[in-house]
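What follows is one structure encoded as structure tokens, with my remarks underneath.
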């Protein structure tokens, strides 16, 4: 197996490390897949295990994306495609982790970390879009979708077509796909808003 292929497999495995699951368990939630939204991500950890746990889960999930992209860039300097492919692999790993029988999260924090070193301006714009939409609607899921789509659009607008732009577009498509159930709940009026009291 070539160095590039090994890097992609390693990125998937790093992305697969279920930090949100592990953090929630450390804070007393035995299986975060069985509480709240059932999502293995920082938002569900926040709601089920508290703010400190949610913050830790977010940092770890963001960090593994950044670590994968930075490691790929250092491994094969000058290769623009490999870090972009690795970024997607890390996100896929988070969404479909081998360690949790492919039941993972929605890839937002991991994608944020993975693209921050590859497209910093686009990532900052995506964060702003997330914050504005989430604040205006109080739907974290809708903010996440807006952020992912903004990342793809800004990566293309700021740098033109290239590996990072295509990887950002693929990641955005994956994030939107993983939020299908949230979109159905929003349309049906049953999606939980940020700050809403538990039922």
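The set of residues in the stretch 34-47 being buried (at least 20 other Cβ atoms within 10 Å of the Cβ) and part of a helix (DSSP H, G or I) consists of 42, 43, 44, 45, 46, 47.
Considering each residue of the stretch 143-184, count those that are farther than 21 Å from residue 86 by Cα and touching a residue at least 40 places away in the same chain (Cβ under 8 Å), and give that number. Going through the stretch 143-184 one residue at a time, the tally reaches 3.
Taking the numbered list (1) part of a helix (DSSP H, G or I); (2) touching a residue at least 40 places away in the same chain (Cβ under 8 Å) in turn, residue 74 passes all entries but (2). Restricting the stretch 71-81 to residues that are touching a helix residue (DSSP H, G or I) at 6+ places or on another chain (Cβ under 8 Å) and surrounded by fewer than 22 Cβ atoms within 10 Å (Cβ to Cβ), the residue that is nearest to residue 11 (Cα to Cα) is 71. Tallying residues that are closer than 23 Å to residue 177 by Cα and outside any helix (DSSP H, G or I) within the stretch 77-102 yields 4. Of the residues making up the stretch 140-159, those that are buried (at least 21 other Cβ atoms within 10 Å of the Cβ) and under 30 Å from residue 190 (Cα atoms) are 140, 141, 143, 144, 145, 146, 147, 148, 150, 151, 152. Regarding the stretch 19-32, can at least one residue be identified that is within 21 Å of residue 159 (Cβ to Cβ), in contact with a helix residue (DSSP H, G or I) (Cβ under 8 Å, 6 or more places away or on another chain), assigned to a helix (DSSP H, G or I) and at pLDDT 95 or above? No, the stretch 19-32 contains no residue that is within 21 Å of residue 159 (Cβ to Cβ), in contact with a helix residue (DSSP H, G or I) (Cβ under 8 Å, 6 or more places away or on another chain), assigned to a helix (DSSP H, G or I) and at pLDDT 95 or above.
Surrounded by 24 or more Cβ atoms within 10 Å (Cβ to Cβ) and either under 27 Å from residue 150 (Cβ atoms) or out of contact with any strand residue (DSSP E or B) (no Cβ under 8 Å at 6 or more places or on another chain) (or both): does that describe residue 63? It is false that residue 63 is surrounded by 24 or more Cβ atoms within 10 Å (Cβ to Cβ) and either under 27 Å from residue 150 (Cβ atoms) or out of contact with any strand residue (DSSP E or B) (no Cβ under 8 Å at 6 or more places or on another chain) (or both). How many of the residues making up the stretch 103-132 are in a loop (DSSP other than H, G, I, E, B) and closer than 19 Å to residue 74 by Cα? The qualifying residues number 4. Looking only at the stretch 106-129, residues that are closer than 15 Å to residue 65 by Cβ and crowded, with 19+ Cβ neighbours inside 10 Å come to 16 in all.
The values are calculated or read from the model by the stated rules, or taken from the named source; none is laboratory data. Being a predicted model, the structure only gives us computed values, none of them experimental. FYI the Cβ positions are ideal-geometry reconstructions off the backbone, even for glycines, and counts take in every protein chain you see.
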